[in-house]
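These notes concern the structure reproduced below.
Computed from the coordinates by the stated procedures, all read-outs in this text should not be read as laboratory data. Keep in mind that this is a model prediction, so the values were computed, not measured. Here the Cβ positions follow ideal geometry from the backbone for every residue, glycine too, while neighbour counts run over all protein chains shown.
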Amino acid sequence: MKGPHGMVLTLAPSVTLAAAAVICLVFVPQLGGLGAMGFLAFGLCLVLRKPWALVAEIRAYRLLYIIPAWCAFSVLWSAEPALTLRYSLQLGATFMVVIAMACRLSPLSFFRVVLGAYAAAALASVAFGAVRADGGGWIGVFGSKNSFATAMSVLVLAGLALALDRGQTPAGRVLGAAALVGGTALLGLGQSAGASLATLVVGGLGCGIYLFRRLSRRQKRAAAVLCGAVTLLLLTVILAERSQLMALVLQGTGKDVTLTGRTDLWKEAWRQIASAPLLGQGYQAFWVQGHPVAEQLWADFDIASRRGFHFHNLYLSNMVEIGVIGVTLQLAAFFGALWLCLVWAVRDPRVETVFLAMLMLRLTLISAVEVPVYFQFDVNTVFAVAALVFGLRARGAEAGASAQRAKVRGATRAVPVSRTGPEADGHPAIVMQ
């Protein structure tokens, strides 16, 4: 359509619908159920815009649906079968929308959608944001300082990926720098030591990926060996001196020795896991009002709303609900996405590849003290599933290109050419077909 001054504005329907869906999720803390409904409405519009493509997408990524399928299967032993079935179906719908989004958008378009959504959240927080009642940090338009800081962390990483990509236009890199500086300032106002530390570590790794591309192939191999050796050394030191290092971290972040009660939660999680280690207690069937242990934990941690709580560890929390089998399925998808995105970013460092790698690295870091995935209508779940689909798409494209090159090499063969008279060097002449 035509804009002012005769300019033509082009809107890509799939990108527009995806942007609307992601924005709804980003603003769920403010919109509540309306945000989830908006994501589902815009997401279904995206899916139904090309319904014939849905069958191909389900067939291509059918293994990903094992996760919501197992969650739904847990209705057979869940203490809250109605809730388990409902949330499992919603998780399946979330997977369907995200897979369609990742199949129909390019990775660069997805990056732009995420950058735009979190930039909007930052601007809204500046315009209408609030500070915690106790003065302990800015919460913006989010429900807590941790949610606000997590959102600003994503904005910082997006800005960093854009600002450092030399393939971008100067205007694009300036926009990235603005997002980086603004997001960093807002992240500081959030006063979340964990989010700030995770952003710093992941941002440093992102810078390392960009620097890695300047090395020659031999230098890259040497750097990979060096990084592996340093990682092993660090792990050895951390394991040997974990008590002293933990004390330093707690002192620097102002946390107590129980990580604000997390260690007590983890002990209880292990007790719950022991009661049903393989199958768990049912998807989202533990933190339910009326569950005796959940009620006691809510009381112990002064959770007046009696909802929105978890065991503050991805592996333990999900194991309580869906058991070792379910968590194994989740971790295969989670770490598969991490590996695929890291390899892709190292081989082809661009704004979208580095950003996806940093997103997965951030989720991996916070998984030790938070439960970022897999939930219905959740933006982190969107990131994890989209990253896996994009990574699989990239691997498939690379495999296809390799097969095509091998086919060309096979078709290009040497054949003898007849000559009149004896060969000068005793060997037939060669031509390439």
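Okay, here's what the table says:
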read-out: Ranked packing of 278-288, 297-307, most packed first, by mean Cβ within 10 Å; value: 278-288, 297-307
read-out: Magnitude of the charge dipole, the range 305-400, Cβ model with Lys/Arg +1 and Asp/Glu -1, debye to 20; value: 60
read-out: Net lengthening on full extension, Arg166/Leu34 (0.36 nm per residue, minus Cα-Cα); value: 43.6 nm
read-out: Val293 versus Arg214: modelled label distance in nm, points set 7 Å from Cα along the beta carbon direction; value: 5.3
read-out: Distance (nanometres) between label positions extended 7 Å along Cα→Cβ at Thr16 and Val174; value: 2.8
read-out: Additional length obtainable on full extension of the chain from Ala274 to Val181, 0.36 nm per residue less Cα span; value: 28.8 nm
read-out: Simple spin-label estimate for Ala69 and Val324 in nanometres, 7 Å along Cα-Cβ; value: 2.3
read-out: Rounded FRET efficiency, nearest 0.05, which uses the C-beta distance separating Leu108 from Phe301 and R0 of 35 Å; value: 0.25
read-out: Ordering of 399-405, 270-276, 152-158 by burial proxy (mean other Cβ atoms within 10 Å per residue, highest first); value: 152-158, 270-276, 399-405
